[in-house]
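Inspection log for the structure reproduced underneath, given as structure tokens.
Any read-out appearing in this document is the output of simple, stated calculations on the displayed coordinates, not a laboratory observation. Nothing here was measured: the structure is a model prediction, and the numbers come from that model. Here the Cβ positions follow ideal geometry from the backbone for every residue, glycine too, while neighbour counts run over all protein chains shown.
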Amino acid sequence: MDASNLLSKRAELTPDRVALREVATGQSYTFAQLNARVNRACHFLRHKLGVQKGDVVSLLAHNSVVTIDLLYAAMKIGAIFAPLNWRLVAEELVYIVQDCGSKVLICGPEFSQTLAEMLPQIDVPHLVSVEGAEVANTWIYEKELAAADEMEPERPFLSPEDTACILYTSGTTGKPKGAMIPHRQIVWNAINTVISWGLTQDDISPIFTPMFHSGGLFVFLTPLFYVGGRIVLLREFDAVETLRVVAAEKCTVLLGVPTIFQMWLNTPELARTDFSHIRWFISGGAPCPVSLITAWRQATGKPFRQGYGLTEVGTNCFSMCDDDPEKKPGTVGKPIFHSEMKLVDENGRSISPNQTGELLIKGPHVTTGYWNNPQATAEALRDGWFHTGDMARQDEDGYFYIAGRFKDMIISGGENVYAAEVEAIFVAHEAVADAALIGQPDEKWGEVGVMVVVLNNGRTVSAADLLSYCQGRLARYKIPKRIIFTDALPYSPYGKVIKAQLKEILD
């Protein structure tokens, strides 16, 4: 079961239904029109750029129909789509492009300068400009697309295990890991979501979260196209504009991260927004406070669900009914239809209801592992079970609750920030002897980083200087919001920093 036919089959079944409305351009595409664009992209990639099965195509650009072109085109011709996180700085992007071996890199206008900084350090055979991006000696995407054939391309043999996407997640060792998304994961995510969430061809959903994340690509995009629904695509997030679009387009289901829902609550536009077409809201990306769920439900009068997913196991892992959040505050629901889950203790033994353990997930919606990283793959995938690193409990009625993260990271505004990566930057500063990142609750971002720093003997440096040092070395969302200086860090007998003790200084 591969994903290469998802769009072409839908275009065959309902060619004249509107599949996509792109807000920035005002352009709408039927499934037939969207499929024709994708076919043109296939022929451009294959016949002009020589992209073959297994080659990697990367995109550095804001949300647009081009993202959808490349996702579905790559799946049709057996290539691998690896969108780039435009929030990262050039140095971070260089590592990712070199690690995945991009054969094609397509760049949008906002990131021409970033690409210019990357070029001396990357080896990419083909550069492509989109939307007028100023990149020397490149192919022009729009020109090549217009000249290409819109007939269905020849398909290579594809296995359900073949990689369709590589999505990079921050690494606990300081380097990001490329999660391999096989064709079967995309198909089964669509099936699971449609079945478990009750999506229909009448559903309309906006996408305003970045499409370099699995959430933008797979929460509603592929499931709604699978069932024949509609996507409303925004270039990026703006609190007021998104609410206006939700009302104007009569959206029926809506995904956001807790930070976004909090921002909407603080926006006067919320009270003026018509949510009459909304069936339910769902929050993902980070744990959502029960108080926020309650406040949102009171403000809108609509059901509010909390979801859970990971890049590696699919964006939609649980399902719930509309009244579950009230009956079971804080729950993420019950496992989706085609999935197995269990909770284990530190010795790998299953635990009893209402005990907390690590969440393990098995099913056709699970990754095949990490690109060029067999060690990380072996650690995460054991006997068919994916070890999420997240702690959870299950009550006597079968409802799951996410208790926290076993892995050492914080989630700030829906973005994963792994401590080791940030700490490595600080320790590289000549004045810093040791550093440890801890999370602090934040009303806007959910959680922000606080760096506890030990200086080398006889050295001095200000917090402002350290934060300035991070600029250009870390994406903005990874830079701590606060620095605390201390004489020493508390260590366990096994050489691990005892971060629970560090967090006491925040109280």
Next item on the list: Post the alpha-carbon centroid distance, the range 252-300 to the range 337-354, in whole angstrom.
Entry: 31
Item checked: Antiparallel content of DSSP bridges confined to the range 1-109, in %, to 5 -> 30
Next item on the list: Name the residues whose placed amide hydrogens come within less than 5 Å of the amide hydrogen of residue 485, ignoring near sequence neighbours (fewer than 5 apart) on the same chain.
Entry: 453
Next item on the list: Find how many whole Å separate the alpha carbon centroid of the range 359-409 from the alpha carbon centroid of the range 106-171.
Entry: 31
Check: Using the count of nearby Cβ atoms within 10 Å as a rough guide to exposure, how do 462, 28, 196 rank from fewest to most?
Finding: 462, 28, 196
Note to self: Once you keep just the Cα pairs under 8 angstrom separated by 6 or more residues, what percentage relative contact order results for the chain?
What the structure shows: 12
Item checked: Charge dipole (debye, nearest 20) of the chain; +1 at Cβ of Lys and Arg, -1 at Cβ of Asp and Glu -> 460
Item checked: Amide H within-cut-off set for residue 54, under 5 Å, with H built and near neighbours excluded -> 79, 80
Next item on the list: Report the charge-dipole magnitude of the range 1-130 in Debye, nearest 20, computed about the Cα centre from +1 at each Lys and Arg Cβ and -1 at each Asp and Glu Cβ.
Entry: 620
Notebook entry, point to check: For the range 307-405, what is the charge dipole size about the Cα centre, in debye to the nearest 20, if Lys and Arg each add +1 at the Cβ and Asp and Glu each add -1 at the Cβ?
Noted result: 200
Item checked: Dimensionless Rg/Rh of the chain - Kirkwood Rh, Rg from C-alpha atoms -> 0.96
Notebook entry, point to check: Where both partners of a DSSP beta bridge lie in the chain, what percent of those bridges are antiparallel, to the nearest 5?
Noted result: 60
Notebook entry, point to check: Taking the Cα centre of the chain as the origin and placing charges on Cβ (Lys, Arg +1; Asp, Glu -1), which of 182, 8, 166 is farthest toward the positive end of the dipole?
Noted result: 8
Notebook entry, point to check: Taking other Cβ within 10 Å of each residue's Cβ, how do 477, 401 sort, fewest first?
Noted result: 477, 401
Next item on the list: Among 373, 343, 384, flag the residue with its Cα farthest along the positive direction of the charge dipole of the range 307-405, charges on Cβ as +1 for Lys/Arg and -1 for Asp/Glu.
Entry: 373
Check: Projected onto the charge dipole of the chain (+1 at Lys/Arg Cβ, -1 at Asp/Glu Cβ, origin at the Cα centre), which of 58, 320, 310 gives the Cα projection farthest towards the positive end?
Finding: 320
Check: What list of ³J(HN,Hα) values in whole Hz, one per residue of the range 221-237 in order, does the Karplus curve 6.51 cos²θ - 1.76 cosθ + 1.60 (θ = phi - 60°) give from phi, with Gly and Pro shown as x?
Finding: 4, 6, x, 6, 5, 4, 8, x, x, 10, 10, 10, 9, 9, 5, 7, 8
Check: How big is the antiparallel share of DSSP beta bridges in the range 409-506, given as a percent to the nearest 5?
Finding: 75
Next item on the list: Starting with the highest mean, order 112-124, 225-237 by the number of other Cβ atoms within 10 Å, averaged over the residues of each peptide.
Entry: 225-237, 112-124
Checklist line | Cα convex hull of the range 431-494 - mean projected area over all directions, nm² | finding: 5.4
